[in-house]
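Data block below; observations after.
Rule-based calculations on the coordinates, nothing more; no lab input. On a predicted model such as this, the values are computed, not experimentally measured, just so you know. Every residue, glycine as well, gets a Cβ built from its backbone with ideal geometry; the counts of neighbours run over all protein chains shown.
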Amino acid sequence: MIRIIVHMENFISKTLIVFFCLLAAGQYVFAQSAKIKTSIDWNTFMQRQNMVWEVLPECWYESAFMGNGMLGLMIYKEPNENYIRFETGRCDVEDHRIGGGCFNTPRLLTGHFALRPQGRILDGKMCLDIWNAETIIRINTTLGTIKLRALVHADKMVMLVNVQASEGERGFCWDWIPADAQSPRYLFSKTKECWFKVDDYQLNPAPHVEQGLSIQKLNAGGETVVAWKEKETREEHTYYITISHSFPELTAEQEVKQHLEEAINVSPKKLIEQHREWWHAFYPKSFITLPDAQKENFYWAQMYKYGSATRGNRALIDNCGPWLTVTPWPNAWWNLNVQLTYWALNGSNHLDLAESLENALYNNTDNLKKNIPVAYRNDAMGIALTSNLDCLSQEVADPSKVKNAEIGLLNWACHNLWLIYRYKMDDVLLREKLFPLLKQATNYYRYFLRMGEDGKLHLPSTYSPEYGSAEDCNFNLSLINWGCKTLLEITDRLKMNDELIPVWKRILKDLTPYPIMPGQGFMIGRNTPYNYSHRHFSHLIAAYPLYLVNRDNPEEYKLIEESLNYWQSKSTAHRGYSYTSASSISSALGKGDDALHYLNKLFEHLGEINFMSVNTLYRESGPVIETPLAGAQSIIDMLLQSWGGKLRVFPAVPSSWKDLAFQNMRAEGAFLISASRKEGKTEFFSVKSLAGEPCVVVTDIPEPVFVGKRKFNVAKLQDGSYKIDLKKSEEVVVYHKNYRPTFTIEPIRHTVGNCFGKKK
């Protein structure tokens, strides 16, 4: 008996020793219970994100929009007419004239269908069901009702419009109205809003229209064909619509017939199932919920817009996406628009969609060479202000000959490619694609750098987007700096011995400092202060998005703050992306309240001219889509930042946002982050490594513990951040040692929703 008691005492003692050892080793005893859970009813959650029209929209800026990265469809009532307009589009429908630019190689309109009721339209309601990516409409007329359901199939090249009419409206008409296949910028020049003139524009021929087919030939060759078929029962009509474009071949007609046949051979029920399957897999790749219902609705509208605007194997997102209309911007614009369009795809964990940008640049290097003067094509590339979707532009100006040469746009586009790389960490891509492209983009700068009497390298007069020309332009100094630093980082990572390494090091050593004016911050360039208002932030890109100067250095923090305040003090010409960029710069400084203040300006004049529209598209002297997409990035910047090799969780949350959460947001280094904040405090977050990169986290959690399937070595660094020995495929959960959260990500409850769409 005594022996049994002794054995029991020994067992208990050993057990206690093990327990306290585990406890001292970072609360590992709770590791198994610290797994992040989700409680998200996606259907219910997404229904509150729907756009709802209490009255029928009457223009592009108000319409419901759908797309699949190639085909696009918009629905609205034609103003002053008695019909519902179904505006069609396809991203790769372009003109192909020699010379590039807005008038030679623009996107082209295709046309629209008109649903004409028997009676006079009285009123109607419309809902864009974001979860299912379809639009539902009810129209009331003097003779009855018409119910419509429309979608652009997520995968197949077909659009579906289903019509159910009451007895009095059984005789409705369905008509095709082809568009004028001229440059939309030329068509815009004929409007009263135009600020420019067009001379010597040769018109394309009129289309040929027959039953179920519209054929548009082009002077430069190729064709665009719209085709449609109707399937009718006693209860309903279903219209199958498709568009194809071919150049220089005349194969589009054959292609549309094939697309229609493939779609019609699948039952409507199966088509819808396939369509919804894609969208229901798309949204849950990441999750954000906010205490501000309007901002939450807005964020998810942008995710829907991304899923509609592009696919990895489809067209680059230009200024209008699949929803072209009469506009001065019918091309890809590279002095900002393309760049900011793609940013939010990284953090939202939709890198598969970002491949459309990668493919556009990596697969068209021959065009990028053609875009620069012949003398420099041996080892350099570039892109001018506007291009077609294959990156063919007008010739980039030579700064040795032209004062206002705009030469840094390809470098800025390469920064987008670098971010995509950093978010997925594919070293094969880095070596074979990004490095040679960035090297040749940066090479163009090398031809024009000159040593000054001060022993510093200087640039001649070059163009700072929207602000004019200046020597030692901050825009281009920032991009040279970033390009050389990044090339050196790549060669170091890949253990490459490139012949230009000494050149890049010399440039970084001898490059003239950024021109700065005390009390104002960053100048446009040497001897060129920031002295007049414009919406662009080209002089500030060293701070954002490049983070070459940043908050980690107190002097640089003050410089950024001073520059931002001075820029915003001259706000008369500011528009949408002035506010989104100011918001993101504020977030980079850790100023969440300022970030929200600037973002709110995007919503202050909702629906007014030159501001964001009720459907979250945007007007910038004509239709564009990019600014609200940048607004999604502004929200991400409040919640998660990962520049400079550190993961910053909730770095700039506004004080009014007490509760919020996100799941599987992506960060540089290929990390997936989930986090929750309650009552103004971070309760927990998790980090999962997809690539095994160094993991350094910055958190406001006091006395954090780090738990997982093993004991992690965690070192607190001098700046207060934590370095964790997280290996590939491992996950760590972080929370306060004296607080045991539920570890659950769930939507915030709202009493309001459906903030977008046209209201009474």
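Before anything else, pin down the relative contact order of the chain: Cα pairs under 8 Å, at least 6 apart, normalised by residue count, whole percent.
14 percent
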Practice item. Quote the charge dipole size of the chain about the Cα centre in Debye, to the nearest 20; the model charges only the Cβ of Lys and Arg (+1) and of Asp and Glu (-1). Key: 1880 debye
Review point. Under a plain spin-label model, where a point goes 7 Å from the Cα along Cα-to-Cβ, how far apart in nm are LYS727 and GLN211?
Key: 7.0 nm
Check your understanding: Based on the Cβ-Cβ distance from LYS269 to ASN80, what FRET efficiency comes out when R0 is 41 Å, to the nearest 0.05?
Key -> 0.60
Exercise for review: Would you please calculate the Kirkwood hydrodynamic radius of the stretch 51-285 over all C-alpha pairs and express it in Å, rounded to one decimal?
Suggested key: 18.8 Å
Check your understanding: Over the Cα atoms of the chain, Rg to Rh with Kirkwood Rh, two decimal places?
Key -> 1.01
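Write out the trypsin sites (Lys or Arg not before Pro) in the stretch 607-677 meeting two conditions: DSSP loop, and at most 14 other Cβ atoms within 10 Å of their Cβ. Kindly include the intermediate steps, with their values, before the conclusion.
Details: sites: ARG619, LYS646, ARG648, LYS658, ARG666, ARG677; in loops: LYS646, LYS658.
Passing sites in the stretch 607-677 are LYS658.
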Review point. To the nearest 0.05, what FRET efficiency results for LYS558 and VAL752 with a Förster distance of 41 Å applied to their C-beta separation?
Key: 0.55
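On a full-extension model of 0.36 nm per residue, what is the gain between SER166 and LYS711, subtracting their alpha-carbon distance, rounded to one decimal in nm? Before the final figure, lay out the partial values.
Working: separation 545, 0.36 × 545 = 196.20 nm, distance 6.79 nm.
Taking SER166 through LYS711 to full extension adds about 189.4 nm, to one decimal.
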Check your understanding: LYS505 versus ASN738, label points 7 Å from Cα toward the beta carbon: distance in nm?
Key -> 5.1 nm
**Study point:** For the stretch 345-352, Karplus couplings with θ = phi - 60° (6.51, -1.76, 1.60), whole Hz, Gly/Pro x
**Key:** 5, 5, x, 7, 6, 10, 4, 4
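Mind running the shape call on the stretch 412-465? Use the C-alpha gyration tensor, a ≥ b ≥ c as the square roots of the eigenvalues: rounded below 1.5 for a/c, prolate if a/b tops b/c, oblate otherwise.
On the way: a/c = 3.06, a/b = 2.38, b/c = 1.28.
Prolate shape, in that a/c is at least 1.5 and a/b is the bigger ratio.
Once the Cβ-Cβ distance between TYR532 and TRP278 is put in as r, and R0 is 35 Å, what FRET efficiency do you end up with, to the nearest 0.05? Could you put the intermediate results ahead of the total?
On the way: r = 47 Å, r/R0 = 1.35.
E(calc), rounded to 0.05, equals 0.15.
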**Study point:** Entries of LYS570/LYS601; LYS285/LYS681; LYS285/LYS688; LYS77/LYS125; LYS37/LYS678 with Cα pairs more than 19 Å apart
**Key:** LYS285/LYS681
Revision key, fill the gap. Short to long, in 10 Å steps from zero, the percent of alpha-carbon pairs of the stretch 717-760 per bin is 15, 26, 26, 17, 14, 3
**Study point:** HN-Hα J in Hz across the stretch 426-439 - Karplus 6.51, -1.76, 1.60, θ = phi - 60°, x for Gly and Pro
**Key:** 9, 6, 5, 4, 4, 6, 8, 10, 5, 4, x, 5, 5, 4
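Are there any chymotrypsin sites (Phe, Trp or Tyr not before Pro) in the stretch 516-583 that are in a DSSP loop and have at most 13 other Cβ atoms within 10 Å? List them by number.
Numbers: sites: PHE522, TYR530, TYR532, PHE537, TYR547, TYR557, TYR566, TRP567, TYR577, TYR579; in loops: TYR530, TYR532, PHE537, TYR547.
Sparse-neighbourhood loop chymotrypsin sites (Phe, Trp or Tyr not before Pro): TYR532.
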**Study point:** Against the rule of thumb 2.2 N^0.38 Å, how large the Cα Rg of the stretch 584-683 comes out
**Key:** 1.18
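Subtract the Cα-Cα distance of TRP174 and LYS37 from 0.36 nm times their separation in residues, and report this length gain in nm to one decimal. Write out the running numbers ahead of the final one.
Values: separation 137, 0.36 × 137 = 49.32 nm, distance 4.99 nm.
Full-extension gain reported as 44.3 nm.
The stretch 210-251: which trypsin sites (Lys or Arg not before Pro) are DSSP loop and have at most 11 other beta-carbon atoms within 10 angstrom? Write down the numbers at each step before the final one.
Numbers: sites: LYS217, LYS229, LYS231, ARG234; in loops: ARG234.
In loop regions of the stretch 210-251 (DSSP not H, G, I, E or B), the sparsely surrounded trypsin sites (Lys or Arg not before Pro) are ARG234.
Contour minus end-to-end for PHE196 and ARG120, with contour as 0.36 nm per residue of separation and end-to-end as the Cα-Cα distance? Can you show the working numbers first?
Numbers: separation 76, 0.36 × 76 = 27.36 nm, distance 3.91 nm.
Between PHE196 and ARG120, full extension yields 23.4 nm more.
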